[in-house]
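Student: This is the structure I want to talk about, given as structure tokens.
Just so you know, all these numbers are worked out from the coordinates, no wet-lab data involved. Please read these numbers as outputs of a predicted model, since none were measured by experiment. Reconstructed Cβ throughout: ideal geometry from the backbone, glycine too, with neighbour counts over all protein chains shown.
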Amino acid sequence: MVEASTREAYGRVLMELGKQNKDIVVLDADLSPSTMTCFFAQEFPDRFFDCGLAEQNMIGIAAGLAASGKVVFASSFAVFASCRCFDQLRICIAQQRLNVKIVATHGGITVGEDGISHQGIEDLALYCALPGFTVIVPADAIEAAEAVKTVASTYGPCYIRLSRPKTPLVYQEGYQFTLGKAVVMRQGRDATIMANGIMVAEALRGADALAREGIDCRVINVHTMKPLDKEAIVQAARDTGAVVVAEEHLAHGGLGSRVAQVIAKERPVPMEFVNLGDRYARSGKAEELLQRYGLTAHEIQNAVRLVVDRKKRFTSFVP
Amino acid sequence: MDCRSMPLANPGRVNPFDLSVKELKEMAKRLRRHVVTMIATAGSGHPGGSLSAADIIAALYFKTLCYRPEDPKWPERDRFILSKGHAAPVLYAALAEAGYFPVSELATLRKLDSRLQGHTDSQLTPGVEMSAGSLGMGLSFAIGVALAGKLDAKSYRTYVLLSDGECQEGQTWEAALFAAHFRVDNLTAIVDFNGMQLSGWTRDIMNLEPFAPKWQAFGWHTIEIDGHDFDQILSAFQEAQRVKGKPTVIVCHTIKGKGVSFMENNVAFHGKAPTWEQAKKALEELE
């Protein structure tokens, strides 16, 4: 698969948006060359503020700017943009429903060698916990760019999580992103794999492999974690009777938890979860870590076989 | 002539009340009476920090800030941000007296369905610029508001009121660095330095001294005054407006519970409502 950088896509599209909308203001916390807000900073130095190593202050300033009519993008690494400033996000942005877009890069364990202090794997649980926040995990660079454009013109608090390494492209130019609307990447009858971020490409690879052994998988990219596309989830549970959720996040509070809540209520079916469990990882190359911690097409295939088998054994679950 | 008849971006913007010092003293007393009554009626709340800030708030709303009570979101208004959100009652009292909502509404403080929440909520209360209650956030928010004013070439000024206790929060100093670094000179920070926090004297719990020199070292124009003396408060506000190239902080030495003898310097009244008996006595003292 061709690979591209989600954060570079963000940086470039943000600069373009800056030309169209003079109300866009960008904040960063000394990570501009990494989050790629540097492109905007070079083009619009008057509308860019480097807050230094002070994420709490950055979020407060973002809120004040937004309360005064600005469309604010604030960037840092996923781990700092969530854990380091959570009360500020809660009081200043969520409780006041302000128009601030937190776009975090270096999400998940694919940060790699920097180790567990830098691996943002709680961020999605934290952001999804905040009432009113829209939470998006794009599957590739093309979707990242489209998501950034969409939220720039959609009022309200938003979190977008991007990656450090280049990631496989699962879309082609011209792809239309719709906020809150999950994308069926591939149709299937035997089971559904729901994923977001880098796990969408893994889900597609897993589905290809499973097709060769006669298991027909639907793959859904749930790019918007909040608000969740309940309709697509329930439809998939009804049509396929078995669901696997794959994500680059801890087990609790992420996409798996959120999908399970919908399925438990609306259409209970056997489920499996591919995620980091309830543990921290370690330093290593991104590829090595994904292998070690089971965020692979291979693990997804195992999970699909489990749910398909369970579906057969518990006939009451068959749709 | 009040501010609404002024052309936009006029440096001679004035307050809609423009009270004399004598009238301000009366107004501050009235605000204090509201505070006592509101908190006694609610049965909970923080009288001490509202009473220490009453003179500062009176000087802002009835002499200094330019605003339109009937149009709370008027883009040209001066902004006042209450960072010490537990002093919400004195802000509500001022907003009611200024005409943002009826004075009778003050009796609904902290009640279900009231617009007057236990701590400030910008979504519910006309005239409240920021939701607060978790300390140490207001200075950052105020910087954002002030920066937006600069970006839009507006002539409004941003004021933020901090408590001394909340200067124990690290975020306050992150913000202090930022405001000096980016020369946010359309911002005036005011510290209600009453020397006390929830469980005792700040000097015993986490000493802030030397306090004014800290701000100076952070690059702020620093003014130190008696926060109950209107001449000093007003002249400090004017001085701050003249300072260019750096933000200004006014360290106001105040007395927690000011105006009510048995609440003054009494930590018990940081976050406790007076009984009706006590409220009656307090109101007599504030006649």
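Student: Within a 10 angstrom radius of the beta carbon, how do B:L51, B:L95 rank from fewest other beta carbons to most?
Tutor: Going from least to most buried by this count: B:L95, B:L51.
Student: What's the angle, to the nearest 10 degrees (0 to 90), between helix A:55-67's Cα axis and the longest principal axis of chain A?
Tutor: In chain A, helix A:55-67 runs at an angle near 80 degrees to the longest axis.
Student: So which chymotrypsin sites (Phe, Trp or Tyr not before Pro) in the range A:118-225 pass both tests, a DSSP loop state and at most 16 other Cβ atoms within 10 Å of the Cβ?
Tutor: Sites meeting the loop and neighbour criteria: A:Y155, A:Y175.
Student: Sticking with this structure for a sec: Tell me which residues come under 5 Å, amide H to amide H, from A:G115 once H is placed; ignore anything under 5 positions away on its chain.
Tutor: A:G284
Student: For chain B, what class follows from the C-alpha gyration tensor (a ≥ b ≥ c being the square roots of its eigenvalues): rounded when a/c is under 1.5, otherwise prolate if a/b is larger than b/c, else oblate?
Tutor: In terms of gyration-tensor shape, oblate.
Student: Can I ask one more? Expressed as a whole percent, how much of the Cα-Cα distance distribution for the range B:185-287 exceeds 21 Å?
Tutor: Cα-Cα pairs in the range B:185-287 separated by more than 21 Å: 47 percent.
Student: Here's something else I'd like to know. Determine the distance separating the Cα centre of the range A:261-317 from the Cα centre of the range B:74-127; give it in Å without decimals.
Tutor: The range A:261-317 and the range B:74-127 have Cα centres separated by 50 Å.
Student: Working from Cα positions, state the angle (0 to 90°, nearest 10) between the long axis of helix A:255-266 and the longest principal axis of chain A.
Tutor: Result, in degrees: 60.
Student: Then there is this: With bins 20 Å wide starting at 0, give me the P(r) of chain A over every alpha carbon pair, in whole percents.
Tutor: Reading upward from the zero bin: 35, 55, 9, 0.
Student: Just to confirm the number: angle between the C-alpha axis of helix A:199-212 and the first principal axis of chain A, 0 to 90 degrees, nearest 10?
Tutor: 20
Student: Same structure again: For the residues A:S153, A:S34, A:S82, A:S76, what sequence is obtained by ranking on other C-beta atoms within 10 Å, fewest first? Please report the intermediate quantities before stating the final value.
Tutor: Working: A:S153 10, A:S34 17, A:S82 26, A:S76 30.
Least crowded to most crowded, the residues run A:S153, A:S34, A:S82, A:S76.
Student: Hey, another quick one. Fewest Cβ neighbours within 10 Å first, please rank B:R79, A:R212, A:R12, A:R238 accordingly.
Tutor: Going from sparsest to densest Cβ surroundings: A:R212, A:R238, A:R12, B:R79.
Student: For the protein assembly as shown, just the Cα set please: Rg and Dmax, both in angstrom.
Tutor: 27.4, 89
Student: Then there's this: Work out the mean other chain Cβ neighbour count within 10 Å for the residues of B:126-133 and drop it here as an integer.
Tutor: Details: counts 0, 0, 0, 4, 7, 11, 3, 2.
Averaged over the peptide's residues, the number is 3.
Student: Hydropathy at least -0.5 by Kyte-Doolittle, axial extent at least 24 angstrom from the Cα trace: which helices of chain B, defined as entire DSSP H runs, fit?
Tutor: Sorted by number, the helices that extend far enough and score high enough are B:21-42.
Student: Same structure, new question: Taking the DSSP beta bridges in the protein assembly as shown as the whole, what percent of them are antiparallel, to the nearest 5?
Tutor: 15
Student: Averaged over peptide A:44-52, how many Cβ atoms belonging to another chain are found within 10 Å of each residue's Cβ?
Tutor: Partner-chain Cβ atoms within 10 Å, mean over residues of A:44-52: 3.
Student: For the pair B:S104 and B:Q238, what calculated FRET efficiency results from E = 1/(1 + (r/R0)^6), where r is the Cβ-Cβ distance and R0 = 30 Å, to the nearest 0.05?
Tutor: For R0 = 30 Å, the calculated efficiency reads 0.30.
Student: Counting only DSSP beta bridges with both residues in the range B:19-285, tell me the antiparallel percent, nearest 5.
Tutor: For the range B:19-285, the DSSP antiparallel bridge percentage is about 10.
Student: Also, I was wondering about something else. Given an 8 Å cut-off on Cα distances and at least 6 residues of separation, report the relative contact order of the range A:80-158 as a percent. Present the calculation step by step, with values, prior to reporting the outcome.
Tutor: On the way: 76 pairs, mean separation 30.1, N = 79.
Relative contact order of the range A:80-158: 38 percent.
Student: Compute the distance from the alpha-carbon center of the range A:1-74 to that of the range A:199-230, in whole Å.
Tutor: Taking the Cα centre of each part, the range A:1-74 and the range A:199-230 sit 32 Å apart.
Student: What FRET efficiency do you get for A:R292 and A:D114 if R0 is 22 Å and r is their Cβ-Cβ distance, rounded to the nearest 0.05?
Tutor: The value I calculate is 0.90.
Student: Of A:I116, A:A81, A:A94, which is farthest along the charge dipole of the range A:3-168 in the positive direction, counting Lys and Arg as +1 and Asp and Glu as -1 at C-beta?
Tutor: Positive-end residue among those listed: A:A94.
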